[in-house]
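Notes for the one structure printed next.
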Amino acid sequence: MSKLYLIPTPIGNLEDITLRAIRILKAVDLILAEDTRTSGRLLKHLEINNKLLSYHIHNEHKTVVQLVDRILSGESMALISDAGTPAISDPGFLLVRECIKNNIEVDCLPGATAFVPALVNSGLPNDRFHFEGFLPHKKGRQTRLIALAENPFTSIYYESPHRLVKSLRQFAEFFGEDRQASVSREISKMYEETVRGTLLELAQHFEEKGVKGEIVLVVAGKSS
């Protein structure tokens, strides 16, 4: 049956992929990958040789209709990102929306994603939370920070290592230096760590130590 599968891939440790994900990746007619070189290494490790096609932020608008037509004609497809769950701060939403419009079944498998372990490891309240993902780099960033500073729930952000210290100091400016937060990096990899403290303490820590790897920043909500 023609269908679109969204398949989470490991964010670090290759053992984090599920048996079901491997089975489906071997069975579909086509695998859509954000970066075919990155995904190619994973698929080679898993001994999966299915046809691979590039699908990323720069071509998704141009290719989405063609891909839907191919599914309607009988092909089954799996969408994967470089790491984690597709469509979470990665391409995927447009294709899912177009499939739903055309009554194509969409099946998103449960699996690896970075923000859930970072949230749990933070020690901050997680019964209700706000996932922001990547903040704007320039335009609209300050306006967004002002609004987020009033959020009463724990909030989660993705950040690059070379911008982390600057971002922590911006958060300290808008949220208050004493707001509790945590920084998780390299989740599920060899050098995984989570550092907790106030926004000011974290900024000072990483300014002195330096930082590498994929970053998830978790910030406490505003106290009532």
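Scanning the stretch 72-83 for residues being crowded, with 22+ Cβ neighbours inside 10 Å and either modelled with pLDDT of 95 or more or not in a loop (DSSP other than H, G, I, E, B) (or both) gives a total of 4. Checking each residue in the stretch 116-165 for being under 16 Å from VAL216 (Cα atoms) and among the β-branched types (Val, Ile, Thr) picks out VAL116, VAL120, THR154, ILE156, VAL165. Pull up the stretch 17-58, narrow it to residues that are in contact (Cβ under 8 Å) with a residue 12 or more places away in the chain and basic (Lys, Arg), then point me to the one that is surrounded by the fewest Cβ atoms within 10 Å (Cβ to Cβ). Looking at the filtered set, the residue picked out is LYS51.
Taken over the stretch 173-194, the criterion of being in contact with a helix residue (DSSP H, G or I) (Cβ under 6 Å, 6 or more places away or on another chain), of a type outside the set (Ser, Thr, Tyr) and surrounded by fewer than 21 Cβ atoms within 10 Å (Cβ to Cβ) is satisfied by PHE174, GLU177, ARG179. Name the single residue, out of those in the stretch 20-55 being among the small types (Gly, Ala, Ser) and in contact with a strand residue (DSSP E or B) (Cβ under 8 Å, 6 or more places away or on another chain), that is nearest to PRO110 (Cα to Cα). Here the answer is ALA21. Looking only at the stretch 150-159, decide whether some residue is out of contact with any strand residue (DSSP E or B) (no Cβ under 8 Å at 6 or more places or on another chain), at pLDDT 95 or above and not charged (D, E, K, R). Taking every residue of the stretch 150-159 in turn, at least one turns out to be out of contact with any strand residue (DSSP E or B) (no Cβ under 8 Å at 6 or more places or on another chain), at pLDDT 95 or above and not charged (D, E, K, R). Pairs are defined by a Cβ separation below 7 Å, a sequence spacing of at least 6 or placement on different chains, a first member in the stretch 135-155 that is part of a helix (DSSP H, G or I), and a second member that is surrounded by 13 or more Cβ atoms within 10 Å (Cβ to Cβ); the pairs so defined are ARG141/LEU135; ARG144/LEU135; LEU145/GLN170; LEU145/PHE174; ILE146/PHE174; LEU148/GLU132; LEU148/SER155. Restricting the stretch 105-141 to residues that are touching a helix residue (DSSP H, G or I) at 6+ places or on another chain (Cβ under 9 Å) and charged (D, E, K, R) leaves a set whose member that is surrounded by the fewest Cβ atoms within 10 Å (Cβ to Cβ) is ASP107.
The condition (being of a type in the set (Asp, Glu) and over 30 Å from ILE22 (Cβ atoms)) is satisfied by just one residue among GLU132, GLU192, GLU98, GLU105: GLU132.
The values are calculated or read from the model by the stated rules, or taken from the named source; none is laboratory data. Since we're looking at a predicted model, the values are computed, not measured. No Cβ is skipped: glycine too gets one built from the backbone with ideal geometry, and neighbour counts run over all protein chains shown.
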